Structures are given as structure tokens and as C-alpha cells.
Amino acid sequence: MKDLIRSIAGIFRWVGRALNTVRVLSLNLAFLALVFFLVITLVAHNSDTEVKSSRSGALLLSLSGNVVEEKQPADPFSTVLNEKMGLDTLPDEILYQDILDAINAAAYDPNITSIVLDLKGLGNVGLDQLQTIGKTLNIFKKSGKKVIAAEDYYQQKGYYLASFANEVYLNPMGAVDLHGIGTFRLFFKDAIEKLKINYHIFRVGTYKSAIEPLIRNSMSEAAKTQNLSWLSPLWKTIAADISRERKLDEESLSSYTENIASELAIVDGDTARLALETGLVDALKTREELRSYLIQLNGKDDEGNFSRIPLGEYVKTVHRSYVNHSATMDSIGIIIAQGVILNGEQPIGSIGGDTLAQLIREARETENIKGLVLRIVSGGGSVFASEIIRQELLEFKKTEKPLVVSMGTMAASGGYWIAADADEIWSSPVTLTGSIGIFAAIPTFENTLSSMGVYSDGVGTTSLAAALNVTQSLHPSLKESIQISVNHGYDQFINIVAKGRSMGLKKVKDVSEGRVFDGATAQKVGLVDKLGTLEDAVASAANRAGLEEYDACYIRKPLTVKDEIIQIFTRGTGKILTAAVLPSSLISRLAELFNPLGELVFFNDPKGLYARCPIYRLSF
């Protein structure tokens with residue numbers, strides 16, 4: 001027996017020494033990384049101040065990464081490692097407004113000879129963003145300069161933007177992928193049952209399908225019908241835009257997507273030739289033929305390639321919208337609300353109820369801010385956090401400063417909760433909005449534990465003393481109270497929309513129960529006032545404030561050094577380690593598949609109530 005105890009003690013001592021070694025090594029690595037980060041930050045800061053404007057050539061509009069409304073802190077640590085170690089698989093973020101500013105500036109810049117689109121690394125991007133970028137490219141073309149798109153292979157979202165170019169080229173071994181759009185999710189019912197997890201579901205709304213993955217193995221017919229009601233007009237918009245820009249018959253485009261096998265058979269399986277004969281591209285060019293053509297159009301650089309200025313370099317030389325503003329001039333404030341809505345303070349990429357409320361309060365208390373535009377790009381989240389934000393918006397409205405909402409790719413569920421009281425709501429025609437409904441999902445693990453021979457038992461002073469003890473089943477009266485709370489939250493949501501939008505309760509109920517609408521339909525049913533861009537919303541806010549001369553500026557929480565270090569180490573270093581063992585395509589796919597489950601894990605509403613739209617990512 002003593003030998004057994006000594007053996008066990010020896011194992012624990014060995015584990016302790018190993019953990020201590022790992023701890024010391026981790027601290028040393030963290031310290032070295034911190035020193036490296038500080039040095040690189042200084043270098044990066046100094047290099048950012050060196051504006052280069054004397055170069056000429058094509059603006060290389062390289063959209064490599066996710067297009068976002070607000071970027072997370074710059075990560076010089078991973079950027080340098082990425083460059084030095086050749087880890088080009090790390091996703092990046094590109095500011096949506098930077099893209100528009102660069103295109104607009106390039107139209108009047110004599111140093112810019114054309115725009116060359118580089119779309120092979122295009123990550124997550126909203127259809128509304130692509131559509132606006134395309135329209136901005138059309139304005140650029142009026143300057144007489146060309147927009148050139150040239151790829152070995154076109155993904156569908158990349159081709160949609162490429163269709164706005166003057167000339168579209170494809171490698172003779174390439175293809176154009178056009179397959180339609182959809183929304184697909186993983187369903188975990190059987191897995192949850194095998195793990196013996198008891199999920200207690202509470203919801204209101206026939207179409208509120210956010211929790212279907214927990215209780216079903218497939219999408220319900222109601223959800224399928226609802227999803228097709230907004231997918232169809234979005235795809236119709238995509239097809240119409242491509243057909244118009246490429247001067248194609250919509251029937252030929254439909255045949256390309258619906259009858260690809262028979263269409264390929266006609267051209268002996270040659271995908272590039274099919275794209276050319278359909279009219280999707282103007283010509284087939286090898287890489288060398290393309291290089292020669294672009295040199296002829298833009299000149300040659302010292303390395304023998306065509307002269308070009310990368311987007312990241314060029315944007316430092318142009319006026320950036322909403323960034324620099326006067327401290328005394330009348331101004332319209334712009335607050336970006338991007339990501340899932342969570343309780344408390346949250347970093348960029350998520351919407352913290354307290355974080356956003358503080359920014360709204362700043363806009364309210366800043367004298368020269370005469371109006372506010374809330375730019376919402378969110379599918380919702382915590383009901384409590386959404387209400388904290390709404391309460392602060394109501395305080396803002398007491399100042400009689402105009403409040404205008406500009407909806408981005410999505411502003412649904414909790415995103416609509418915080419939008420409803422605005423003086424005016426703008427969206428794009430392809431924004432997804434609505435999804436007015438409430439749900440709660442609470443797992444308990446009594447069956448999981450009992451299958452392993454572990455049991456929970458005890459006593460309490462009341463029948464509800466165990467409260468939300470996840471090791472025990474929910475008490476029937478607690479279940480009933482949660483459902484009553486969910487029903488109350490739904491009624492509250494309905495009344496908020498009815499009052500904020502000046503709509504009758506019956507009319508609001510007709511567009512509720514979790515229904516999702518595209519922006520154009522949302523305008524028809526009264527959930528949206530006008531269709532337009534952020535720029536349109538800013539102009540409208542200024543007009544409502546009676547301003548003829550004004551500037552517009554972002555209102556952002558300044559990051560402390562601690563905030564930057566934490567975000568960089570949790571975001572950038574983690575990406576580097578992941579990219580070292582997993583390809584970017586797999587990382588992206590895994591994130592897409594498991595994000596819904598991950599969100600449910602990290603939701604932090606104090607009452608467990610959520611207004612969340614189930615469309616986590618459109619398959620585009």
C-alpha cells in the first residue's frame with residue numbers, strides 16, 4: 001500500500017515539475033513576445049507616418065481578408081512573423097470605408113492609371129458591402145480609367161465584384177464559380193442525446209429558429225420557407241447586377257448556374273472556355289500574357305512587373321472619411337455596433353452593452369456633436385445588453401439631437417431591438433433585418449453525470465433553492481417562470497417596435513415571430529424608412545440637425561496599452577499557432593460550422609434571454 005501511495009505521489013510530483021516548467025517557459029516567452037511587440041509597435045508607428053505619394057501606376061485593390069466596419073487592433077507581432085516565416089495563410093481585416101475612400105481618391109489622382117482587382121484572398125464580406133464597392137467602381141470608371149479584374153479562378157463573391165470591372169480576364173485553366181446562395185447549419189440533437197445533455201428550450205415565434213440545432217437534426221419546414229423568402233430576392237439581385245454589368249441575358253446566366261453539367265458537356269468540360277462563351281469574361285490570358293498587358297497599361301516597375309500601389313500603402317496617402325475632425329466644428333457622430341451583443345465591457349468585434357452605452361453617453365454629452373448615426377452590423381444576442389443600449393439611446397434622444405440608424409449586412413433580433421427607437425432607419429436593399437423574437441436555452445447535465453456514476457443531491461430552504469444548478473434537472477416551477485419571462489420579453493420587444501416605429505401592435509405582430517426580411521422588403525412592411533448607405537444616413541442626420549456645414553467622425557473607445565496587448569495576444573498569436581498546423585481554408589470552415597455552438601457557450605445574459613438571428617453566415 002505504501003508503495004502505491006509513493007508511486008502516486010511520484011506521479012503528482014512529476015506532473016507538478018512539468019507544469020512548473022511549462023509555466024516558467026510560458027512566462028519567459030510572453031515576456032520576450034511583449035518586448036518584441038513594443039519594438040515592432042514603435043517601428044510600425046514610425047513607418048505609418050512616412051506617407052509615400054510620388055509613386056504612380058495601378059491601384060492594386062487587393063481584398064485579401066475579411067471586410068469589416070471596424071478593425072481590431074493592429075497586430076505587428078503576427079504581421080512580422082507572417083512575413084518572415086512565410087505564413088501567408090493568416091486572415092487579415094480590411095476596413096470597408098478604406099476601400100471606398102481609396103477608390104474615390106484614385107479617380108482624381110493623376111498618379112493612378114487604373115484599378116486592378118485582386119480577389120483571390122477575399123474572406124467574409126457582406127453583399128451590401130460588395131454592392132456599394134461595385135457602385136463606387138462604376139463612379140471611378142467615369143474618370144476614363146479602367147478597372148481590370150484578372151484571376152486564375154473566380155469564387156462567386158469575387159466574381160460578383162469583378163463583374164463591375166471594364167475588363168474581366170481568366171486563366172485558360174481557370175473557372176468562374178456561380179452556384180447560388182444559401183444558409184446551412186450543423187444540427188446537434190443526436191449528439192446532445194448521446195452525451196445525455198438535457199437542453200431546456202424556451203422560445204416565442206414560429207420562425208425563431210436560432211435554437212433548432214439543439215432540438216432537431218434538420219431545418220424545419222417553417223425555417224426553410226422563411227429562409228427562402230429572403231434568399232430568393234438576394235440571389236435575384238446578384239444575378240441582375242451581374243447581368244447588367246456584363247450585358248448578359250439573365251436566362252443564359254441562369255442556365256450557367258442551373259445546368260452546369262450540360263453546359264460543360266458542350267465545351268468538352270473546358271470551364272474557362274464556357275465562361276468565355278457565356279460572356280462572363282472578356283478573354284482568356286495566361287499569367288505572362290496578363291503581366292505584359294498590365295505593363296503596357298500601367299508601365300513597368302524596377303522588378304519587371306506592372307507598376308502598382310498596394311491598397312494598404314495608398315490608403316495612407318488619401319483623406320480617410322470620418323477619422324479626423326475638428327474639436328469645435330458641428331459634427332455628426334458615428335458609432336459602429338459590430339458583432340454579437342454581449343453583456344458588460346467587450347472588445348472590438350463584439351458589442352458590449354456597457355461599452356456601447358458609454359460611447360452613446362459620450363455622444364450625448366459632447367456639445368459639438370449635433371446628431372448620431374448608429375451603424376449596426378449585428379444579428380443580436382443578449383436581451384439585457386440590448387436593453388441597456390436602448391435605454392442609453394433614449395437618454396440621447398432627450399437632448400433632441402437626431403438619432404439615425406444605418407444598417408449594414410445584418411441588423412436583426414437584438415440588432416433591431418437597439419434600432420427601433422431611432423428617428424430614422426436606413427438599410428441597403430440586401431440588408432437582413434427583423435427576426436423579432438426571444439429564446440432561452442439552458443442545459444443541465446444530471447443524466448450525463450449519472451451515466452458516469454456521479455450524482456447531485458442536497459437540501460434547500462425552498463423548492464427553488466437549487467436555482468440554475470446545471471447538475472440537476474430544472475424544477476417545473478422554474479421552467480414555467482422562465483417561459484413566462486420569455487413571453488414577457490417577446491411582448492416587450494413587440495411594444496418597443498410598435499412605439500419606436502409608430503406602428504400598430506397587430507402590424508408589428510404580423511412581421512414578428514422571428515421573420516427575417518431583406519432590406520427592400522423591410523421597407524415595404526415598415527421596419528425600415530429608407531434605402532441607402534452610411535453616407536446617406538450621415539447626410540440625413542445632418543439635415544435633421546439643421547446643419548449646412550459640418551463634419552462627421554467616428555466615436556470610439558480609446559484602447560489602453562493593456563487592451564491592445566491582451567487583444568493582440570489572444571487574437572494574433574493564437575492565429576499564428578493555429579495556422580502552423582491547419583490550413584486557412586479548414587480554419588475558416590471550422591469557424592463557420594461551430595460558431596453557432598460557440599456563441600451559445602459564451603452568451604452571458606444575466607436572465608438567459610436572447611434575441612439572436614440564426615443566420616450566422618450566408619453561404620456566398
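The values are calculated or read from the model by the stated rules, or taken from the named source; none is laboratory data. Because the structure is a prediction, the values reported are computed rather than measured. So basically every Cβ, Gly included, is an ideal-geometry build from the backbone, and we count neighbours across all protein chains shown.
Within region 416-423, not a single residue is in contact with a Cys (Cβ under 7 Å, 6 or more places away or on another chain) and either in the same structural domain as LEU478 (by TED's automatic domain parsing) or among the aromatic types (Phe, Trp, Tyr) (or both). For PHE439, are the conditions met, namely being over 25 Å from VAL373 (Cα atoms), in contact with a Lys or Arg (Cβ under 6 Å, 6 or more places away or on another chain) and aromatic (Phe, Trp, Tyr)? So PHE439 fits the description; yes. β-branched (Val, Ile, Thr), more than 28 Å from SER114 (Cα to Cα) and part of a helix (DSSP H, G or I), is that true of THR328? Criteria not met by THR328. Within region 117-127, is even one residue more than 24 Å from the chain's Cα centre (by Cα) and either at pLDDT 85 or above or not assigned by TED's automatic domain parsing to the domain that holds THR409 (or both)? Among the residues of region 117-127, not one is more than 24 Å from the chain's Cα centre (by Cα) and either at pLDDT 85 or above or not assigned by TED's automatic domain parsing to the domain that holds THR409 (or both), which makes the answer no. Scanning region 55-72 for residues that are closer than 18 Å to SER307 by Cα and surrounded by fewer than 19 Cβ atoms within 10 Å (Cβ to Cβ) yields ARG55, SER56.
Residue-wise test of (1) surrounded by fewer than 21 Cβ atoms within 10 Å (Cβ to Cβ); (2) on the phi > 0 side of the Ramachandran plot; (3) among the hydroxyl-bearing types (Ser, Thr, Tyr).
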position: ILE418; (1), (2), (3): no, no, no
position: SER435; (1), (2), (3): no, yes, yes
position: THR444; (1), (2), (3): yes, no, yes
position: VAL454; (1), (2), (3): yes, no, no
position: THR461; (1), (2), (3): yes, no, yes
position: LEU468; (1), (2), (3): yes, no, no
position: SER473; (1), (2), (3): yes, no, yes
position: VAL486; (1), (2), (3): no, no, no
position: ASN495; (1), (2), (3): yes, no, no
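Quick one: would you say ASP98 is modelled with pLDDT under 95 and of a type in the set (D, E, K, R)? Here the answer is no, as ASP98 does not meet what is asked.
Here's the yes/no breakdown for (1) modelled with pLDDT under 95; (2) basic (Lys, Arg):
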site: ILE335; (1), (2): no, no
site: GLY344; (1), (2): yes, no
site: ALA363; (1), (2): no, no
site: ASN368; (1), (2): yes, no
site: SER386; (1), (2): no, no
site: ARG390; (1), (2): no, yes
site: GLU395; (1), (2): no, no
site: MET407; (1), (2): no, no
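Summed over region 214-224, residues that are in contact with a helix residue (DSSP H, G or I) (Cβ under 8 Å, 6 or more places away or on another chain) and either at pLDDT 90 or above or over 14 Å from CYS613 (Cβ atoms) (or both) total 6. Do the conditions hold for LEU547, that is, is it assigned by TED's automatic domain parsing to the domain that holds THR355 and crowded, with 18+ Cβ neighbours inside 10 Å? When the stated conditions are applied, LEU547 passes them.
Look at ILE112 and say whether it is crowded, with 20+ Cβ neighbours inside 10 Å, modelled with pLDDT of 95 or more and either over 25 Å from the mean Cα position of the chain (by Cα) or not acidic (Asp, Glu) (or both). The answer is yes for ILE112. Residues of region 463-521 being assigned to a loop (DSSP other than H, G, I, E, B) and either hydroxyl-bearing (Ser, Thr, Tyr) or in contact (Cβ under 8 Å) with a residue 40 or more places away in the chain (or both), which ones? Listed by number, the residues that qualify are SER463, LEU468, THR471, SER473, LEU474, SER502, VAL511, SER512, GLU513, GLY514, ARG515. Scoring TYR322 on the criteria (1) outside any helix (DSSP H, G or I); (2) within 18 Å of GLY415 (Cβ to Cβ); (3) hydroxyl-bearing (Ser, Thr, Tyr) leaves a single failure, condition (2).
Can you pull out every residue in region 255-276 that is surrounded by 15 or more Cβ atoms within 10 Å (Cβ to Cβ) and out of contact with any Lys or Arg (no Cβ under 8 Å at 6 or more places or on another chain)? Once the filter is applied, which keeps residues that are surrounded by 15 or more Cβ atoms within 10 Å (Cβ to Cβ) and out of contact with any Lys or Arg (no Cβ under 8 Å at 6 or more places or on another chain), region 255-276 yields TYR256, THR257, ILE260, GLU263, LEU264, ASP270, THR271, ALA272, ARG273, LEU274, ALA275, LEU276. Considering only residues in region 319-352 that are at positive phi and in contact (Cβ under 8 Å) with a residue 60 or more places away in the chain, the one that is surrounded by the most Cβ atoms within 10 Å (Cβ to Cβ) turns out to be TYR322. Restricting region 279-311 to residues that are touching a helix residue (DSSP H, G or I) at 6+ places or on another chain (Cβ under 9 Å) and without any contact (Cβ under 8 Å) to a residue 60 or more places away in the chain leaves a set whose member that is surrounded by the most Cβ atoms within 10 Å (Cβ to Cβ) is GLY279.
Within region 225-247, being at pLDDT below 95 and among the β-branched types (Val, Ile, Thr) holds for one residue alone: THR225.
The number of residues in region 430-462 that are part of a strand (DSSP E or B) and among the hydrophobic types (A, V, I, L, M, F, W, C) comes to 6.
For every residue, the table says whether it meets (1) closer than 30 Å to TYR554 by Cβ; (2) aliphatic (A, V, I, L, M).
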position	(1), (2)
VAL383	yes, yes
THR462	no, no
LEU468	no, yes
HIS475	no, no
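Results for (1) among the β-branched types (Val, Ile, Thr); (2) more than 30 Å from ASN447 (Cα to Cα); (3) not assigned by TED's automatic domain parsing to the domain that holds ALA441, shown as yes or no for each residue.
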position: LYS141; (1), (2), (3): no, yes, yes
position: ILE148; (1), (2), (3): yes, yes, yes
position: GLN155; (1), (2), (3): no, yes, yes
position: TYR159; (1), (2), (3): no, yes, yes
position: ASN166; (1), (2), (3): no, yes, yes
position: TYR169; (1), (2), (3): no, yes, yes
position: ILE192; (1), (2), (3): yes, no, yes
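For region 238-254, filtered to residues that are acidic (Asp, Glu) and surrounded by 16 or more Cβ atoms within 10 Å (Cβ to Cβ), the residue that is farthest from PRO172 (Cα to Cα) is ASP241.
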